[in-house]
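Shown next, in structure tokens, is the structure this report addresses.
Quick note: the coordinates plus some simple rules give every number you see, no bench work behind them. Just so it is clear, the structure is predicted and the values come from calculations on it, not from any experiment. Using ideal geometry, Cβ is built from the backbone for each residue, glycine included, and neighbour counts are taken over all protein chains shown.
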Amino acid sequence: MSGWLAAPILIPLAAAALLVLVRGRRWRGILALAGAAAHCGSGLVLVAACAGGGHLVLAVGGWPAPYGIALVADLFAAIMVAVTGLLGLLVGVYALGTDDLMADAVFPPLAQVLLMGAGGAFLAGDLFNLYVWFEVLLIASFVLLTVGRRPAQLAGAVKYVAINFLASAMFLTACGLLYGKTGTLNLADLARKIPADPATGVVLTSASLLLAAFGIKAALFPFFNWLPAAYPTPPVAVSALFAGVLTKVGVYALIRLFTLVFVQDVGRTHALILVLSVATMITGVLGAAAQGGLRRILAVHIVSQIGYMTLGLGVWTPAALAAVMVYMVHNMVVKTNLFLVVGAVKRLRGTEELARLGGLWREHPGLSGLFLVSALSLAGLPPLSGFVAKFVVIRACFLAGHWLAGAVALGVGLLTLFSMVKIWLEAFWKESPDGAAAGAGPAVRPLGAPVWVPVLVLTAITVAVGLYPEPLLELAQRAGDQLMDRAGYIRAVLGE
Amino acid sequence: MELVMAVIIGALTGVAVYLLLRRSPVRLVLGIALLGNAINLLIFTAAGLSARGVPIVAEGAAALAPPHPDPLPQALVLTAIVIGFGITAFALVLLWRMHHATGVEDLDRLEEEGP
């Protein structure tokens, strides 16, 4: 059974290698979709295997932990792998129909490498492997960001590369310091050895370095400025993949380390995370209100949503961690969908600037309706997945006595609604400005099945989760309990 | 020896941070390269320096003879060097292309050329 742990890494690796060799557009499309579908399938197998509350552990090459490389899956990691695979599949479908991305030399293989890096990061059982998988993910994202090579993209990529390199440098420094202190990098072994060695300067320094490193990668306040510069510039399919996957891997790493390894001084570390989360939510949502381009608004909103996720980590109860999981699944689905809808709008009108859009509701009621569902879900209106996700996060805040944080989360939800209504009024509802009416735009192309299918599937998921949240809530509750059970993780990996 | 290494690491990091904060693209790349090397040295030093022996099991023996250095940091640093090399190479190409596409030599002016 534990052999499945290698699948989310090996499948995209094989697909990427084949995609480099294959030239024909059609074959590349089939390969890319098959790879992503298999990735998603292997994620679902892992979810099924971990659903009972156990861990899967694979000692690569037969070298037992803590000496060898261990791949570890718990329910949280398995859910993340499955959702990432699903998003990879749907974005792949979208890419079939647009921008000639499937014929591009680098997009199809590197999208697979991105999935491989994410899969590896979710399943890594030691700190150094986490670093390596992060680098795989980042190098793929560096190149994907520059697909098309427009000047704005290159400018955004310079910032992205520089700040991410700095984050990786901090990450590596923390690896070196922790190894010097404890003589191990295996997460379970670290978790076991650090408490015997009370929060000394070295441990606290490493924890701070890792918090900053993943704070940068997750776009936490005050490290988020690279995100609005980078995300809106590449082709829409790349933006959508980044919006769904990239920052979430940073959030995942934060949660993994600050539930398993650094829990000696919760009063300080997790209180700091709580404060940063609240600041992230507020600055993100206020920053978004000032933007004019569709993808810029949505990109700055990602920052605000990241705040909700780390908020649950800061609150530090099993219910709050379960809420984080629900929120992450909801946000990955809805955010990707909104970016894909923006891509559809861009195809219809040739622009994504609010000032030059308008009248979409009259001409394309179907697409407008789908946008409205996702936008209202993002803002947290019932009966959509966003309502469920926000409800569990805010309830966990109140139950743990963090009244202020809960109130801020409620207020930020209202401001999100404001931004979404602004997009709705400007792009969909108002009369179209002169010259932007149908047919007059520079690049009007009809929407085909490759656009409709992913948007419809993702919208269906957000509605389904909203109407029937029980299965997801129950799964998340189990995953949250599992995250709090450090002894269980250590036992599963080290076999004691 | 640790003291000498600490001073070298500190100096390299200081120079790297100074270069990263400059506005010239070339200095940004140099800063990236130097910071990567400073951290590689840090991993070596933090894991313990030792001048004696090699971490290879002698023929016929079941385990390493006692005075030997820890082989793991060497493997870590090797991996980090490869990754650092890749990132430096990519950053060079990216900045060169950026310069060609936008004509910017001052990174502070990059914002104005943006979307």
- prompt: What is the residue count in segment B:91-110 for residues that are part of a helix (DSSP H, G or I) and buried (at least 18 other Cβ atoms within 10 Å of the Cβ)?
  reply: 7
task: Mind listing just one residue for me: the one in segment A:165-220 that is of a type in the set (Phe, Trp, Tyr) and closer than 27 Å to residue A:242 by Cβ and, of those, farthest from the other protein chains (Cβ to nearest Cβ)?
output: A:214
task: May I ask you to verify whether residue A:348 is part of a helix (DSSP H, G or I) and within 19 Å of residue A:421 (Cα to Cα)?
output: no
query: If residue B:107 satisfies every condition in (1) free of Cβ contacts under 8 Å to residues at least 60 places away in the same chain; (2) under 26 Å from residue A:141 (Cβ atoms); (3) facing another protein chain (nearest Cβ under 9 Å) but one, which is the exception?
result: (1)
- request: List the number of the failed condition for residue B:62; all other conditions in (1) loosely packed, with under 12 Cβ neighbours inside 10 Å; (2) at the interface with chain A (Cβ under 10 Å from one of its Cβ atoms) hold.
  value: (2)
message: Step by step: first the residues of segment B:45-59, then only those that are in contact with a Leu (Cβ under 9 Å, 6 or more places away or on another chain) and surrounded by 15 or more Cβ atoms within 10 Å (Cβ to Cβ), then the one that is farthest from residue A:174 (Cα to Cα). Which residue is that?
response: B:47
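Here's the yes/no breakdown for (1) out of contact with any Phe, Trp or Tyr (no Cβ under 6 Å at 6 or more places or on another chain); (2) in contact (Cβ under 8 Å) with a residue 40 or more places away in the chain; (3) assigned to a helix (DSSP H, G or I); (4) under 18 Å from residue A:402 (Cα atoms):
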| residue | (1), (2), (3), (4) |
| --- | --- |
| A:264 | yes, yes, no, no |
| A:267 | yes, no, yes, yes |
| A:304 | yes, yes, yes, no |
| A:328 | yes, yes, yes, no |
| A:336 | yes, yes, yes, no |
- request: Please enumerate the residues belonging to segment A:65-95 that are among the small types (Gly, Ala, Ser) and within 22 Å of residue A:449 (Cα to Cα).
  value: A:85, A:88, A:92, A:95
- prompt: Can you pull out the residues in segment A:221-254 that are of a type outside the set (A, V, I, L, M), outside any loop (DSSP other than H, G, I, E, B) and more than 14 Å from chain B (Cβ to nearest Cβ)?
  reply: A:242, A:244, A:247, A:248, A:250, A:252
- prompt: How many residues does segment B:65-91 hold that are closer than 17 Å to residue A:127 by Cα, in contact (Cβ under 8 Å) with a residue 24 or more places away in the chain and within 8 Å of chain A (Cβ to nearest Cβ)?
  reply: 4
field: Residue satisfying condition, being under 21 Å from residue A:282 (Cβ atoms), of a type in the set (A, V, I, L, M, F, W, C), touching a residue at least 24 places away in the same chain (Cβ under 8 Å) and surrounded by fewer than 19 Cβ atoms within 10 Å (Cβ to Cβ), within set A:378, A:410, A:404
entry: A:404
message: Checking the structure you have, find out if any residue of segment A:121-144 is over 24 Å from residue A:266 (Cα atoms), away from every other protein chain (no Cβ under 14 Å), of a type in the set (Gly, Ala, Ser) and assigned to a helix (DSSP H, G or I).
response: yes
- request: For segment A:97-120, name all the residues that are part of a helix (DSSP H, G or I) and among the hydrophobic types (A, V, I, L, M, F, W, C).
  value: A:101, A:102, A:103, A:107, A:110, A:111, A:113, A:114, A:115, A:116, A:118
query: Pairs under 7 Å by beta carbon, first residue closer than 15 Å to residue A:94 by Cα in segment A:339-360, partner basic (Lys, Arg) and buried (at least 21 other Cβ atoms within 10 Å of the Cβ), six or more apart or different chains?
result: A:339/A:295; A:342/A:295
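Each row is one residue, and each column tells you yes or no for (1) of a type in the set (A, V, I, L, M, F, W, C); (2) in a helix (DSSP H, G or I).
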{"residue": "A:362", "(1), (2)": "no, yes"}
{"residue": "A:366", "(1), (2)": "no, yes"}
{"residue": "A:370", "(1), (2)": "yes, yes"}
{"residue": "A:373", "(1), (2)": "yes, yes"}
{"residue": "A:377", "(1), (2)": "no, yes"}
{"residue": "A:382", "(1), (2)": "no, no"}
{"residue": "A:397", "(1), (2)": "yes, yes"}
field: Leading residue by the ranking (nearest to the other protein chains (Cβ to nearest Cβ)) among those in segment A:284-293 that are assigned to a helix (DSSP H, G or I) and more than 19 Å from the chain's Cα centre (by Cα)
entry: A:287
field: All positions within segment B:8-52 that are in contact (Cβ under 8 Å) with a residue 60 or more places away in the chain and either within 11 Å of another protein chain (Cβ to nearest Cβ) or part of a helix (DSSP H, G or I) (or both)
entry: B:25, B:26, B:28, B:29
